[in-house]
Amino acid sequence: MLFDVRPVETQTGATNAIFDSALTDLVACMERTAKKGMLNLIKELDGGMWGVKEIIAKAALNFARVKNRSRKLPTVAVVGEIYVRLDPFANDFVIEKLEARGLRVRLAPFTEWIEYATYLSDKRVLEGRTVNGDDRFANALSGLVQKTTYRVLYGLCEHALGWPVRGKISEAIEASKPYLHGELEGEAALTLGGPILEYRRGYIEGVVAVGPHECMPCKIAESQYAKAAQDCGISYICISLNGDSIDTEILDSFAYDIREQHKHRRNSFSRYQPDQPS
């Protein structure tokens, strides 16, 4: 919600203030002791989710109030190695730098990896590679909790902020298969498949992949992005970070190309815009 609204906020600083307040509430909520047990788990999933649902709903409405839906900005995905893409210092504050160049960012969240791990567990169950029945039960219960949580909380944001239908991990993996072998497990499939799926659906117009210097999954994805660009037209840059600052000329050129493509696409055909209700 922060990255969706901040580039088009109606009042400077309002988005960060809403985010900080909601984050404080979430941390306090997570620190409270919750009742354990299967019955309480079912009750909370079907109700308030231990208070999280109320916090997210409130934050979504507050974000919606300061979102200028009339501004049309080109959107790019930021993907890559988990730690580097999620830690602003490690990625040299790439999201803020992209926003300063007139772009909106869709950041691949940490939960993407949790969903991917569940996807692999489900795959092992279907292929009969689990050790015993307890593994299958634990996998089913964990998957139910995760999927219900994502569906409910994302639905609150989707309604308030006009977000698109949320893509599935299985769809992202399928999108990567023309470029990566299906048996190759790891971040490379997500780094490649996620943005390709979102580009085909019109959610993004380019992708920035970041990772530590010589990160193998990032290198594998980078090696295939050129082919993906030929096939579907997605614009991309892959940035290896080893403690140095990002070359701003690279970001300048990329942002300029994305903005120009955005102008031509708006003049030629309609694509989904994240700042319009779905």
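Every number here is computed from the coordinates shown, using simple stated rules; none is lab data. Predicted model, so just to flag it, every value in this text is computed and none were measured. Note that we place each Cβ from the backbone using ideal geometry, even for glycine, and neighbour counts take in every protein chain shown.
With a length cut of 27 Å (Cα positions projected on each helix's long axis) and a Kyte-Doolittle mean of at least -1.0, go through the chain and give me the DSSP H helices that pass. It would help to have the intermediate numbers written out before the result.
Numbers: long enough: 133-161 (41 Å, -0.05); 248-268 (30 Å, -1.48).
In the chain, the long hydrophobic H runs are 133-161.
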Check your understanding: Share of Cα-Cα pairs in the stretch 198-256 beyond 18 Å, in percent?
Key -> 39 percent
Check your understanding: Can you give the Rg and Dmax of the chain based on its C-alpha atoms, in angstrom?
Key -> 19.6, 57
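Report, in deg cm²/dmol and to the nearest 500, the calculated mean residue ellipticity at 222 nm for the chain, where each DSSP H run with n ≥ 4 adds -39500 (n - 2.57) and the sum is divided by the residue count. Please report the intermediate quantities before stating the final value.
On the way: 12 runs with 161 residues, N = 278.
Theoretical 222 nm ellipticity from helices: -18500 deg cm²/dmol.
Expected output is a single nm value to one decimal: the length gained when fully extending between Ala100 and Leu126, i.e. 0.36 nm times separation in residues minus the C-alpha distance. What is it? Present the calculation step by step, with values, prior to reporting the outcome.
Details: separation 26, 0.36 × 26 = 9.36 nm, distance 4.64 nm.
Separation in residues times 0.36 nm, less the Cα-Cα distance, equals 4.7 nm.
Taking the Kirkwood radius as the inverse of the mean 1/r across Cα pairs, report the Rg/Rh of the stretch 4-155. Before the final figure, lay out the partial values.
On the way: Rg = 18.8 Å, Rh = 18.2 Å.
Here Rg/Rh amounts to 1.03.
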Check your understanding: Cα to Cα, under 19 Å, and not fewer than 8 places away if on the same chain: which aspartates and glutamates meet these conditions relative to Lys43?
Key -> Glu54
Review point. R0 = 22 Å: FRET efficiency of Gln261 with Arg200, Cβ-based, nearest 0.05?
Key: 0.90
Study note, to complete from the structure: Checked against the positive end of the charge dipole of the chain (+1 on Cβ of Lys and Arg, -1 on Cβ of Asp and Glu, about the Cα centre), the farthest of His181, Thr12, Ala228 is Thr12
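Around Tyr150, with a cut-off of 13 angstrom between Cβ atoms, what is the net charge of the other residues, counting Lys and Arg +1 and Asp and Glu -1?
Details: positive: Lys53, Lys147, Arg151, Arg166, Lys168; negative: Glu112, Glu115, Glu158.
Surrounding charge for Tyr150 is +2.
Given a cut-off of 23 Å, name the pairs among Lys177/Lys227; Lys67/Lys263; Lys72/Lys168 whose C-alpha atoms lie farther apart than that in the structure shown. Before the final figure, lay out the partial values.
Working: Lys177/Lys227 12 Å; Lys67/Lys263 21 Å; Lys72/Lys168 26 Å.
From Lys177/Lys227; Lys67/Lys263; Lys72/Lys168, over 23 Å: Lys72/Lys168.
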Point to revise | Listed residues Ala28, Ala160, Ala117, most fluctuating in the chain (Gaussian network, C-alpha, under 10 Å) | key: Ala28
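At a 10 angstrom cut-off on C-beta neighbours, averaged per residue, how do the peptides 177-190, 209-222 rank from highest to lowest?
Details: 177-190: 16.1, 209-222: 19.9.
Descending packing order for the listed peptides: 209-222, 177-190.
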Practice item. Using label points projected 7 Å from each Cα along Cα→Cβ, tell me how many nm separate Ala34 and Lys177, to one decimal. Key: 3.5 nm
Point to revise | Rounded D (µm²/s) - the stretch 92-181, Kirkwood Rh over Cα pairs, Stokes-Einstein at 20 °C, 1.002 mPa s | key: 136 µm²/s
